[in-house]
Amino acid sequence: MRIGELAARAGTTTRTLRYYEARGLLPARRDEKGHRAYGEEDLRLLEQIRTLRDFGFELEETRPFVECLRAGHPEGDSCPASLVVYRRKLAELDALIGQLTEVRETVAGQLRRAERARDALAADASAPGGPEPLCELGGQFS
């Protein structure tokens, strides 16, 4: 198939395919007229790249999976180099989850503090002669 058909079937652009070719992720085969020529196996490579990219893998991280498919393996993640990338990505995700958990705990603490402060202001406002609480966004507290 020609580059336009492959791009359409893969749900991408011809520009992206040329970029992948320049990066060595997609083979640069030509037909007798000099046009780029692709087969079903190239579509499979693109599907593997897209799946990994959708999961947050960088383009270069897809290389071991592509090479595994090119080597004739039925799955791009059945080679040792692919497993290394999976392990590294899981470690990155675990670190991010840890960071997000810390941020969440901080935000939850800030919310609890803000709610206590709001409740204290409301209690003061309900006392005779107490201040009228205002919302930071303007207007009366309710």
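The values are calculated or read from the model by the stated rules, or taken from the named source; none is laboratory data. Everything quoted here is computed from the prediction, not taken from an experiment. Please note: Cβ atoms are built from the backbone with ideal geometry, for glycine as well, and neighbour counts cover all protein chains shown. Note: accessible area is taken over every heavy atom of the protein model, side chains too, but ligands, DNA and RNA are not part of it. Shrake-Rupley method; radii C 1.70, N 1.55, O 1.52, S 1.80 Å.
Sort out which residues of region 121-134 are open to solvent by less than 50 Å² (accessible area, probe 1.4 Å) and either modelled with pLDDT of 85 or more or assigned to a loop (DSSP other than H, G, I, E, B) (or both), and write them in order of number.
Scanning region 121-134 gives ALA127, GLY130, PRO133.
Report, ordered by the first and then the second residue, all pairs with beta carbons closer than 9 Å, sequence separation of six or more or different chains, a first member in region 93-113 that is assigned to a helix (DSSP H, G or I), and a second member that is surrounded by 10 or more Cβ atoms within 10 Å (Cβ to Cβ).
LEU93/GLY56
Which pairs turn up if I take residues in region 28-55 that are under 16 Å from ARG70 (Cβ atoms) and look for partners that are open to solvent by 100 Å² or more (accessible area, probe 1.4 Å) and modelled with pLDDT of 95 or more with beta carbon separation below 7 Å, at least 6 apart in sequence or on another chain?
Cβ pairs passing all conditions: LEU43/ARG9.
Mind checking which helices (runs of 4 or more DSSP H) fall wholly inside region 7-87 and carry at least 3 residues that are surrounded by 12 or more Cβ atoms within 10 Å (Cβ to Cβ) and of a type in the set (A, V, I, L, M)?
Because the criterion is at least 3 residues that are surrounded by 12 or more Cβ atoms within 10 Å (Cβ to Cβ) and of a type in the set (A, V, I, L, M), the helices (runs of 4 or more DSSP H) in region 7-87 that meet it are 40-54.
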